[in-house]
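The block underneath contains the structure these notes are about, expressed in structure tokens.
The values are calculated or read from the model by the stated rules, or taken from the named source; none is laboratory data. None of these values were measured; they are calculated from a predicted model. FYI the Cβ positions are ideal-geometry reconstructions off the backbone, even for glycines, and counts take in every protein chain you see. All accessible areas refer to the heavy atoms of the entire protein, side chains included, with ligands and DNA or RNA removed. Shrake-Rupley method; radii C 1.70, N 1.55, O 1.52, S 1.80 Å.
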Amino acid sequence: QVQLVESGGGLVQAGGSLRLSCAASGFIFSINVMGWYRQAPGKQRELVAAIAGGGVANYADSVKGRFTISRDNAKNTVYLQMNSLKPEDTAVYYCNTKVRLRNYWGQGTQVTVYS
């Protein structure tokens, strides 16, 4: 079955960096679009970044120039490098993919940025 397992969240001061990882299994990783979403308290879940199998990426305007999504198809893993973090980046971050028209989510990892 499809499994997505995130890691790498934590508590960081504003201006700092974190790197999230998502280990995937149960589907053909190399051809799937992988995404990172986040959900802050009281807000809707939003797309942060997504990357196609060949490496083409897109980003939310709020993170452009600060976050970088990447993937290692040999390791079935997608990453989110987050630099210049701001308190408004505080949220639970989720890994996402779609397999046979069904959305799959990881369990989420908490990122907390303090000023």
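It is to be established whether one or more residues within region 57-66 are out of contact with any helix residue (DSSP H, G or I) (no Cβ under 6 Å at 6 or more places or on another chain), crowded, with 18+ Cβ neighbours inside 10 Å and more than 24 Å from Gln1 (Cβ to Cβ).
Yes, region 57-66 contains a residue that is out of contact with any helix residue (DSSP H, G or I) (no Cβ under 6 Å at 6 or more places or on another chain), crowded, with 18+ Cβ neighbours inside 10 Å and more than 24 Å from Gln1 (Cβ to Cβ).
Checking the condition modelled with pLDDT under 95 and either farther than 16 Å from Asn103 by Cβ or of a type in the set (Gly, Ala, Ser) (or both), which residue from Gly15, Gly55, Gly9, Gly35 passes?
Gly55
List the strands (runs of 3 or more DSSP E) that sit entirely inside region 25-112 and contain at least 1 residues that are within 14 Å of the chain's Cα centre (by Cα) and among the small types (Gly, Ala, Ser). Even if it seems obvious, please write down each step before you answer.
On the way: elements: 34-39, 46-51, 57-59, 67-72, 77-82, 91-99, 102-105.
Qualifying strands (runs of 3 or more DSSP E): 34-39, 46-51, 57-59, 67-72, 91-99.
Looking at region 77-97 only, could you name the residues that are hydrophobic (A, V, I, L, M, F, W, C), open to solvent by less than 10 Å² (accessible area, probe 1.4 Å) and within 12 Å of Tyr37 (Cα to Cα)? Write out each step before concluding.
Looking only at region 77-97, we keep the residues that are hydrophobic (A, V, I, L, M, F, W, C), and these are 78, 80, 82, 85, 91-92, 95.
Filter once more, so that each one left must be open to solvent by less than 10 Å² (accessible area, probe 1.4 Å): 78, 80, 82, 85, 91, 95.
Listed by number, the residues that qualify are Leu80, Ala91, Cys95.
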